[in-house]
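Every read-out reported here was derived from the displayed coordinates using simple, explicitly stated rules and does not represent laboratory data. Computed from a predicted model, the values in this text were never measured in an experiment. Ideal geometry is used to build each Cβ from the backbone, glycine not excepted, and the neighbour counts take in all protein chains shown.
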Amino acid sequence: MSKENLRQSLDELHTELDQLTAIDAAIKERMEHLIADIERQLEEPDDLEHGRNAQQKLPTLIEQFEAEHPKLTERLNGLMVTLSGMGV
């Protein structure tokens with residue numbers, strides 16, 4: 001997967017988050033930190049810490065959103081696959 005695909009996935013995730021009104025503030029904050037880690041990884045590919053942080057956070061966030069926010073869960077799953085395909 002390319003960086004362009006990853007950026008598109010991040011943009012879609014931002015859009016989904018912005019559309020949610022009944023989302024727990026703490027979970028939204030965790031999502032925003034996750035997105036920031038991924039964006040930093042894109043800007044600084046040699047700094048693998050941010051990518052590892054994102055990979056560790058994704059499965060937990062997916063579980064939390066699975067039942068109540070299926071679209072968001074779909075975006076998170078796609079993001080996880082994209083990161084994995086990039087070797088992050």
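Taking one quarter of the surface of the convex hull spanned by the alpha-carbon atoms of region 3-85 gives a direction-averaged projected area of 4.8 nm². With each run of n ≥ 4 DSSP H residues scored as -39500 (n - 2.57), what mean residue ellipticity at 222 nm is computed for the chain after dividing by its residue count and rounding to the nearest 500 deg cm²/dmol? So the helix-based figure for the chain works out to -26500 deg cm²/dmol. The local environment of residue 47, defined by Cβ-Cβ distances under 14 Å, has a net charge of -4 under the rule Lys, Arg +1 and Asp, Glu -1.
Rounded to the nearest 10 degrees, the inclination of helix 25-43 to the longest alpha-carbon principal axis of the chain is 20 degrees. If you take every residue apart from residue 35 with its C-beta less than 14 Å away from the C-beta of residue 35, what net charge results, scoring Lys and Arg +1 and Asp and Glu -1? Residues close to residue 35 contribute a combined charge of -3.
Relative contact order of the chain: 41 percent, from C-alpha pairs under 8 Å at least 6 residues apart in sequence. Between the helical axis of 70-85 and the longest alpha-carbon principal axis of the chain there is an angle of about 10 degrees. To the nearest 10 degrees, how steep is helix 49-65 against the longest Cα principal axis of the chain, on a 0 to 90 scale? Approximately 20 degrees, to the nearest ten.
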